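A quick write-up on the structure given underneath.
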Amino acid sequence: MQLEKLKIAVGKIIGSERDDRHFYHNLDHTLDVLAAAERLISHTKTEPETAMLIRAAALLHETGITVSPKSHEDASVEIAKELLPDHGFNQMQILRISELILTTRMPQKPYDLASKIICDADLDYLGRTDYFIISHKLRLEWILLNGFTDDLTEWYQIQHDFLENHQYFTLAANNLRKKRKQHNLYLIKKLLHSSS
């Protein structure tokens, strides 16, 4: 399994074929999710082959955005099926990677440790100090691609509801990110209170 070559291939796809208005769904996000997955893998003592499959899914989970902004996870699975055989992955591994990619779809419904890891990695930023920077990249993308309102209060209300209902699935993610996520939610509540 050639993860480094797969990373280069994914970089070419996302770097050259995505819409320039994807300020959130881009290579930075992909590499960020991969780094978060690596952290969680190390904290959960995931077995080596499963860890490799999680890494591959993290790399591929946003490639479908180059095909379709809606249901891009399905498109990511199709791209994965095309790319992975040339990088040393067998059919059983490709099926497992495809399942992991699909669990990142909202609302997340992980069903085992590997799927919990990739779901937590995908939303790792919710519990970090750069949350607001990344959140506003997503907001800008929604405005430019989906015609989303640029009303900041409405955006913060959506973020408030999302953070309030979100849960990390692994103990490792909760230990690493829950406290800061709660602080980010507190800051959003203050922003909403000050705008009312």
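The values are calculated or read from the model by the stated rules, or taken from the named source; none is laboratory data. Bear in mind that the values here come from a model prediction, so they are computed numbers and not experimental data. Positions of Cβ are backbone-derived with ideal geometry, glycine not excepted, and every protein chain shown enters the neighbour counts.
Quick notes on this structure:
- Residue-level check: of (1) out of contact with any Leu (no Cβ under 9 Å at 6 or more places or on another chain); (2) in contact (Cβ under 8 Å) with a residue 40 or more places away in the chain; (3) of a type in the set (Gly, Ala, Ser), Ser16 misses just (2).
- The residue pairs whose first member lies in region 160-180 and is among the acidic types (Asp, Glu), whose second member is surrounded by 13 or more Cβ atoms within 10 Å (Cβ to Cβ), and whose beta carbons are closer than 7 Å, counting only pairs six or more residues apart or on different chains, are Glu164/Leu185.
- Residues satisfying the stated conditions in region 153-196, i.e. β-branched (Val, Ile, Thr) and closer than 17 Å to Asp120 by Cβ: Thr170
- Residue match in region 37-53 (condition: surrounded by 20 or more Cβ atoms within 10 Å (Cβ to Cβ) and closer than 20 Å to Tyr131 by Cα): yes
- The listed residues are Ile133, Ile65, and the only one of them that is at negative phi, buried (at least 20 other Cβ atoms within 10 Å of the Cβ) and either β-branched (Val, Ile, Thr) or over 15 Å from the mean Cα position of the chain (by Cα) (or both) turns out to be Ile65.
- Pro107 meets the conditions (1) of a type outside the set (Phe, Trp, Tyr); (2) over 19 Å from Leu192 (Cβ atoms); (3) in contact (Cβ under 8 Å) with a residue 12 or more places away in the chain in every case but one. The failed one is (3).
- Cβ-Cβ distances below 7 Å connect no pair with a first residue in region 26-55 that is within 18 Å of Leu95 (Cα to Cα) and in a loop (DSSP other than H, G, I, E, B), a second residue that is modelled with pLDDT of 95 or more and among the aromatic types (Phe, Trp, Tyr), and a separation of six or more residues or different chains.
- Residue identified as more than 22 Å from Phe162 (Cβ to Cβ), of a type outside the set (A, V, I, L, M) and assigned to a helix (DSSP H, G or I) among Glu73, Glu82: Glu82
- Scanning region 70-98 for residues that are of a type outside the set (Gly, Ala, Ser), under 30 Å from Trp142 (Cβ atoms) and buried (at least 17 other Cβ atoms within 10 Å of the Cβ) yields His72, Glu73, Val77, Ile79, Leu83, Ile97.
- Condition met for Asp20 (out of contact with any Lys or Arg (no Cβ under 7 Å at 6 or more places or on another chain) and either under 30 Å from Leu171 (Cβ atoms) or modelled with pLDDT under 90 (or both)): yes
- Here Met106 passes the criteria (1) more than 16 Å from Phe162 (Cα to Cα); (2) at pLDDT below 95; (3) hydrophobic (A, V, I, L, M, F, W, C); (4) out of contact with any helix residue (DSSP H, G or I) (no Cβ under 7 Å at 6 or more places or on another chain) except the one numbered (1).
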